[in-house]
Amino acid sequence: MPIKSTSRHDLESRYQAIIDNAVDGIITIDERGTIESVNPSALRMFGYDKEEVIGENIKILMPEPDRSNHDKYIGNYHATGKGKIIGKGREVIGRRKNGTMFPFLLSISEVILENKKIFTGIVHDISELREVKDALAKERDLSELKSRFVTMASHEFRTPLSTILSSVSLISRYNDPKDEEKRLKHVNRIKSSVNNLTGILNDFLSLSRLEEGHVMNDPIEFSINELCIEVIDEMNSILKEGQEIKVDAAEDIQKVFLDKNLVRNIMINLISNAIKYSDEGKLIFVRTYIENDVLTIEIKDQGIGIPEEDQDYLFSRFFRAHNAANIPGTGLGLNIVKKYLDLLRGRIEFQSKQSEGTTFTVQIPI
């Protein structure tokens, strides 16, 4: 039986069918970057109809800064003959018609047909793969957080629990009215130890909720002056002997539209740190003001300060400066503050000198 030859038309039809049914996107462009052909998979990935992209520059599928720089990339290639991704695969970000972004693997080949140079790009959507990788990374982070909690809890809980047990035992012995001062001393030790335990638990619970995406930015209108008074009243109960909080706030009622709980937690965390890392008799300064639609909160202490070699790591999770080793803490507080400020689109800066104190400056757009 004679072998039937395949006509050029049949081959072209087969090749077109393969391209049309390919899972990956396939796009061809000319030397100027004009789109000449695009298969259905690529159209689905980018959310366009065929008529909307044929004849358009390929940069419509790119986000900034690649969109603005694309013509320069092509010019450099024509001038040097060297393309950074020609013949190679790389991970890039695409921009859909609706403006959303997605990651994909891009492979580009150069072909000369009938004295005409064209470029073919193979687009492989890796959105699902990226989501899986991100989920696994998040799971690892949560697993590490739980592991660190168990390790830290076994260490950090031991001292305050021992203090509570010993103080309770000693209080029971002081039955005489003249021992009132001794009883009060141990009651204060118990209160301090309970505050330490509560702070540790709050840090871990806050970080866990942040990591799991359970903390939302829910703005309301409130007076920053009134919130400041509330926070200071609460912080006065944990001041050391002779410590005092000095407040500098505008006299008029300053209204802001922010998440009150997030702002409150930021202030409590920074002021409690100022108290914790300052000696007895030291002053703590709190200043709030609004300027150019930005709320600024300054917390200044006269404490131990942050060693210069430790300052780059201050907002890292579990990090503690080496001069704070003997002061109870989890190393999570400032990391949590930074995450709260990310939710509020705010920023935090600090100035510090060892043994002289630290000033934290928080700025939040209102």
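Observations on the model:
- In segment 160-192, the residues that are acidic (D, E) and open to solvent by less than 50 Å² (accessible area, probe 1.4 Å): D179
- Among the candidates E131, E144, E139, the residue that is in a helix (DSSP H, G or I), within 22 Å of the chain's Cα centre (by Cα) and at pLDDT 80 or above is uniquely E131.
- Yes/no for F285 being touching a residue at least 24 places away in the same chain (Cβ under 8 Å), out of contact with any helix residue (DSSP H, G or I) (no Cβ under 9 Å at 6 or more places or on another chain), open to solvent by 30 Å² or more (accessible area, probe 1.4 Å) and in a strand (DSSP E or B): no
- Any pair with Cβ under 6 angstrom, 6 or more apart, that starts in segment 344-359 at a residue that is surrounded by 12 or more Cβ atoms within 10 Å (Cβ to Cβ) and ends at one that is at pLDDT 95 or above and of a type in the set (D, E): G357/D301; T358/D301
- Inside segment 21-51, residues that are open to solvent by 70 Å² or more (accessible area, probe 1.4 Å) and within 33 Å of the chain's Cα centre (by Cα) make up a count of 1.
- Residue count for segment 306-340 under the criterion of being under 14 Å from S272 (Cβ atoms), surrounded by fewer than 18 Cβ atoms within 10 Å (Cβ to Cβ) and among the aliphatic types (A, V, I, L, M): the result is 1.
- Hits in segment 90-117 - residues which are closer than 18 Å to D30 by Cβ, more than 30 Å from the chain's Cα centre (by Cα) and surrounded by 16 or more Cβ atoms within 10 Å (Cβ to Cβ): I108
- Test result for E180, free of Cβ contacts under 8 Å to residues at least 24 places away in the same chain, more than 29 Å from S352 (Cα to Cα) and out of contact with any Cys (no Cβ under 7 Å at 6 or more places or on another chain): yes
The values are calculated or read from the model by the stated rules, or taken from the named source; none is laboratory data. Treat the numbers as computed from the prediction; the structure is a model and nothing was measured. Methodologically, a virtual Cβ is constructed for each residue, glycine included, from the backbone with ideal geometry; neighbour enumeration extends over all protein chains shown. Note: accessible area is taken over every heavy atom of the protein model, side chains too, but ligands, DNA and RNA are not part of it. Shrake-Rupley method; radii C 1.70, N 1.55, O 1.52, S 1.80 Å.
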